[in-house]
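In what follows, a structure is listed as structure tokens, so that the remarks can point back to it.
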């Protein structure tokens, strides 16, 4: 896949879910860091809306995904902000080691 493939679709999808139009630089950076259309849909499905493309990219870079959030919630770590889940990942807190 070429870097430019799917950029317009990613841009439209992001704009649909966030009500923001990302810059081409944000879209390119997101693509470089592995933000796919599927990941944008996944973030939206997790009820995190109106995130900047940079925040979506940060979550992707640190491995915050639906499964990680689901595991954290099972351990009673339920946050309204995706930033808290990103912080868990950044600080290396493994969900399996969190207390019950």
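Calculated from DSSP H runs of 4 or more alone, at -39500 (n - 2.57) each and per residue, what is the 222 nm mean residue ellipticity of the chain, nearest 500?
Details: 6 runs with 57 residues, N = 100.
Taking each H run of at least 4 residues, the total per residue is -16500 deg cm²/dmol.
What percent do you get for the relative contact order of the chain when only Cα pairs under 8 Å and 6+ apart count?
Values: 82 pairs, mean separation 22.6, N = 100.
Computed value for the chain: 23 percent relative contact order.
Give the calculated FRET efficiency between residue 32 and residue 84 to the nearest 0.05, with a Förster radius of 25 Å applied to their Cβ-Cβ distance.
On the way: r = 26 Å, r/R0 = 1.02.
Result of the calculation: an efficiency of 0.45.
For percent of Cα pairs over 22 Å apart, several values are listed as [x] 56; [y] 30; [z] 33; flag the one computed from this structure.
This structure yields the entry labelled [y].
Taking springs between alpha-carbon atoms closer than 10 angstrom, which of 31, 89, 73 fluctuates most in the Gaussian network model of the chain?
Among 31, 89, 73, the largest mean-square fluctuation in the Gaussian network model of the chain belongs to 73.
Under 10 Å, Cα contacts only: if you run a Gaussian network model on the chain, which one of 47, 12, 60 comes out with the highest mean-square fluctuation?
The residue that fluctuates most here is 47.
Would you mind computing, in nm to one decimal, how far apart the modelled labels at residue 7 and residue 68 are, each placed 7 Å from Cα along Cα→Cβ?
Label at residue 7, label at residue 68, 2.7 nm between them.
Using Cβ contacts closer than 10 Å as the measure, can you line up 83, 50 from fewest to most? Provide the component values of the computation, followed by the final result.
Values: 83 16, 50 9.
Going from sparsest to densest Cβ surroundings: 50, 83.
Taking the 0 to 90 degree range and rounding to the nearest ten, how far is the long axis of helix 7-18 tilted relative to the main principal axis of the chain, both from C-alpha atoms?
Relative to the chain, helix 7-18 is tipped by roughly 50 degrees.
With springs only between Cα atoms under 10 Å apart, run a GNM on the chain and tell me which of 86, 61, 32 wobbles the most.
Residue with maximal mean-square fluctuation among 86, 61, 32: 32.
We did not get these values from a lab; they are worked out from the coordinates using the rules stated. Not measured: the values here are computed from a predicted model. Glycine gets a Cβ as well: all are built from the backbone with ideal geometry, and neighbour counts include every protein chain shown.
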